[in-house]
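Shown next, in structure tokens, is the structure this report addresses.
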Amino acid sequence: MSTTPVYLLAALLFGLGVIGFLRQRNAVMILMAVELMLNSANLTFLGAARARGDVDGSMMPLFLIVVAAAEAAVGLALILALFRSRRTLDIEVPRSLRD
Amino acid sequence: MASWISFLFFAGLAVGCALISLFHRSVVHSAFALLGTLMGVAGLYLMLGADYLAVTQVLIYAGGILVLILFGLMLTPGDPTELRLARVLGGIALIGGGGALFLFKMSGASRWHAAPPDQLAPPDPTVTRIGLELLRQDRFLLPFELASVILLAALVGSVFIARRRVQRDGGAA
């Protein structure tokens with residue numbers, strides 16, 4: 001299988017993620033859009049690994065998945081803390097990092 | 001031919017579920033549609049010969065991160081406000097147009113080390129090679145160990161951030 005369609009698909013998924021990231025105001029939905037973008041980056045890495053025929057391109061997605069897991073955990077903890085103090089998930093509402 | 005059919009199947013699954021996930025009104029539906037996207041991408045990993053990554057994707061993304069997101073959704077009510085699409089698309093066109101022009105010029109100027117499709121090596125199991133790479137001192141041993149430190153820090157940090165504030169007299173605030 002050629003890798004060009006994979007790159008195109010990854011670009012499409014990344015674009016969808018960007019649209020979701022910029023359009024949503026719900027913090028959890030923004031987190032989901034970020035996960036979508038990270039996935040498309042992984043797809044690009046693996047397409048390049050297939051084209052080059054070595055295992056280096058498979059290592060980067062592993063570390064990307066680790067970073068994505070850490071990001072999801074911290075992000076959801078922040079969302080919970082935000083919801084406790086403001087009773088909303090709208091990211092336009094908080095204007096300060098105080099309290 | 002068969003690989004094209006399966007590629008189109010997984011690509012359609014990924015893109016279709018991504019569209020549902022972005023434009024459905026209910027956030028819970030969006031989360032479950034994201035599950036379809038992650039599964040489609042895992043199938044594409046498998047087609048690209050990355051068997052280990054495909055299993056990791058299903059285990060960590062679908063099993064871990066998505067469940068975490070669902071917990072986040074269940075613990076907080078959603079408010080369905082979103083920005084208007086035209087405004088967002090205008091901003092993307094402005095920024096992405098310049099970036100696309102830059103990338104187009106750059107891709108013409110650089111030499112790509114890519115084999116033509118008919119010379120690609122057949123996919124073989126990558127688990128052994130990934131495991132050896134992760135534990136070789138001159139390769140990925142240090143990032144591998146640092147990843148565990150990052151995960152531990154994220155775990156402790158998220159528990160610290162999300163904990164209930166407990167006052168000195170013992171009652172939860």
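Going from the residue with the fewest nearby Cβ atoms within 10 Å to the one with the most, B:MET106, B:MET47 rank B:MET106, B:MET47.
Looking at chain A, the pairs of alpha carbons with a distance over 17 Å make up 60% of the total. Legend: ranking of residues A:MET59, A:MET32 from fewest to most surrounding C-beta atoms inside 10 Å; resulting order A:MET59, A:MET32. Whole-Hz Karplus values for the stretch B:63-73 come out as x, x, 5, 5, 5, 4, 5, 5, 4, x, 5 Hz, taken residue by residue from phi with 6.51 cos²θ - 1.76 cosθ + 1.60 and θ = phi - 60°; glycine and proline positions read x. In the stretch A:4-96, Cα pairs under 8 Å separated by at least six residues give a relative contact order of 29 percent. A simple rule links phi to the HN-Hα coupling: the Karplus curve 6.51 cos²θ - 1.76 cosθ + 1.60 with θ = phi - 60°, which for the stretch B:51-62 gives 5, 5, 5, 4, 5, 4, 4, 5, 5, 7, 6, 5 Hz, with x for Gly and Pro. Taking the fewest neighbouring Cβ atoms within 10 Å as the starting point, the ordered list for B:GLU145, B:GLU133 is B:GLU145, B:GLU133. Shielding value for A:25-37 is 6, the average number of Cβ atoms from other chains within 10 Å of each residue's Cβ.
Determine ³J(HN,Hα), in whole Hz, for all residues of the stretch A:9-18 in sequence, where each value follows from phi through the Karplus function 6.51 cos²θ - 1.76 cosθ + 1.60 and θ = phi - 60°; x replaces Gly and Pro. Here the 3J(HN,Hα) series is 5, 4, 5, 4, 5, 5, x, 4, x, 5 Hz.
Amide H contacts of A:VAL55 (H built 1.01 Å from N, in plane; Pro and chain starts excluded): no residue 5 or more places away or on another chain comes under 5 Å. Mean partner shielding of peptide B:158-165, defined as the number of other chain Cβ atoms within 10 Å of each residue Cβ, is 5. P(r) for the protein assembly as shown, from all Cα pairs and a bin width of 5 Å, is 1, 5, 11, 15, 16, 15, 14, 10, 6, 4, 2, 1, 0, 0, 0 %, short bins first.
Of the GluC sites (Glu not before Pro) in the stretch A:4-99, the ones in a loop by DSSP (not H, G, I, E or B) with at most 16 other beta carbons within 10 Å are A:GLU92.
Neighbouring Cβ atoms from other chains, within 10 Å of the Cβ of residues in B:5-11, number 2 on average.
The numbers here are math on the coordinates, done by the rules we state, and not lab data. Note that the coordinates shown come from a computational prediction; the quantities given were computed from them, not determined experimentally. Don't worry about glycine lacking a Cβ; one is built from the backbone with ideal geometry, like all the others, and counts go over all protein chains shown.
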